[in-house]
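Please read the structure below before turning to the comments.
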Amino acid sequence: MSKKPLETWLALNLMYIKANQADLAYNGSMKPDYVQQAVAPLAKRSAAEATATARALFALTKPRLAFFTILTAIATYVATADGHGLLHACVTLFGVSCSAGGALSLNQWLERKLDARMERTCQRPLPARQVSPRSALLFSASLSFIGILTLGTMVSPISAFLALTTILVYGFVYTPLKRRTRWATEIGALSGALPPLIGTAATGNPTAPIGTSLFLIILIWQMPHFYAIGWRYRADYRNAGFRLLSTRDYDGRKTARWTLGYSLALLALPIVLYGFGLAALPLLIAATLAGSDLTLAAFRFCRSKSEQSSKRLFFATIRYLPIALTGACIPY
């Protein structure tokens, strides 16, 4: 055999060995360094994409707003729970959390085009294209279904019905009305006030006085809270075509008057509830203290209508809720 055929033969054998090595690596029998080097970046990219998608889906639920919603339901649950164990409490928390996340993510899906017009919301997952509209809708529907199913089968049918009502009113009544009437805030406040009733219904006592009291308190509390937000971001809302009170109130007088009126009503409400036996003394004291702080901030907003005063009003509403809920949970 001459040199040239021998060299060719050896070269063919070497190619065969390398081909078999690549085939073995492909089938997982061996993993040469060059295969690991090719696969590692892909694995890292896939993990990063999965993490980014999970974060985007979580952001769709508006975690901070969802937290307050869940908190109001759990407060009345704790205040009225009698004989229910930890497992029942955890299942209720899970069902309420899924329902709240489903409602809030549905709102983002419905308003995705409007959110893209506003500086405050243009970086939300849908306008920023961090998640597709189809995935967002599927995520919202799945959360809503799981939440209602959990409450209906493992907690109580009434709590499931109230959760469904919250989702429908928030998504299909309040959301479209924001572009049609300035009364959308008052109408939509119904969905935000239902969670306390979900909490009492979960314990089998849907007509408990504490549920009714917190329903009325939160119904009115939402007005100064959202008026403060509306005034701070009135230009954004105006650009998106929302017909809120603040978008048509250029000097702020109407917004300030309505804010002060609702704040005074919120200050007086616990006294009325206590007088009718619907609120205990701890709730009366806590809500009156928090209401005084909120009313003072509303007075200051009436005087100046500045960005700073609206910011202080907003934080006064934020302080109000945990103080009032703490008073509701104190046994008396």
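Among the residues here, A279 qualifies as of a type in the set (G, A, S), within 29 Å of the chain's Cα centre (by Cα) and more than 24 Å from Y227 (Cα to Cα). The combined condition, being modelled with pLDDT of 95 or more, among the aliphatic types (A, V, I, L, M) and part of a helix (DSSP H, G or I), is not fulfilled by A328. With respect to A136, determine if the residue is part of a helix (DSSP H, G or I) and over 12 Å from S105 (Cβ atoms). For A136, the condition - part of a helix (DSSP H, G or I) and over 12 Å from S105 (Cβ atoms) - is not met. Scanning the stretch 122-134 for residues that are buried (at least 17 other Cβ atoms within 10 Å of the Cβ) and more than 14 Å from the chain's Cα centre (by Cα) gives L126, P127, Q130, V131.
Of all the criteria given as (1) farther than 30 Å from G152 by Cα; (2) modelled with pLDDT under 95; (3) surrounded by 19 or more Cβ atoms within 10 Å (Cβ to Cβ); (4) over 24 Å from the mean Cα position of the chain (by Cα), the one not satisfied by S263 is (2). The helices (runs of 4 or more DSSP H) located wholly in the stretch 166-251 that include 1 or more residues which are touching a Leu at 6+ places or on another chain (Cβ under 6 Å), at negative phi and of a type outside the set (A, V, I, L, M, F, W, C) occupy 195-202, 209-232, 234-240. Taking the listed residues A287, A279, A268, the one that is farther than 17 Å from S309 by Cα, touching a residue at least 24 places away in the same chain (Cβ under 8 Å) and outside any loop (DSSP other than H, G, I, E, B) is A287, with no other qualifying. Only residues that are in contact (Cβ under 8 Å) with a residue 24 or more places away in the chain and in a helix (DSSP H, G or I): list them for the stretch 150-159, please. Scanning the stretch 150-159 gives T150, L151, M154, I158, S159. Would the stretch 175-191 turn up any residue that is crowded, with 20+ Cβ neighbours inside 10 Å and under 18 Å from I74 (Cβ atoms)? The answer is yes, given that some residue of the stretch 175-191 is crowded, with 20+ Cβ neighbours inside 10 Å and under 18 Å from I74 (Cβ atoms). A count restricted to the stretch 234-258 and to residues that are of a type in the set (S, T, Y) and out of contact with any helix residue (DSSP H, G or I) (no Cβ under 8 Å at 6 or more places or on another chain) stands at 1.
The values are calculated or read from the model by the stated rules, or taken from the named source; none is laboratory data. Owing to the predicted nature of the structure, the values given are computational and were not obtained by experimental measurement. Reconstructed Cβ throughout: ideal geometry from the backbone, glycine too, with neighbour counts over all protein chains shown.
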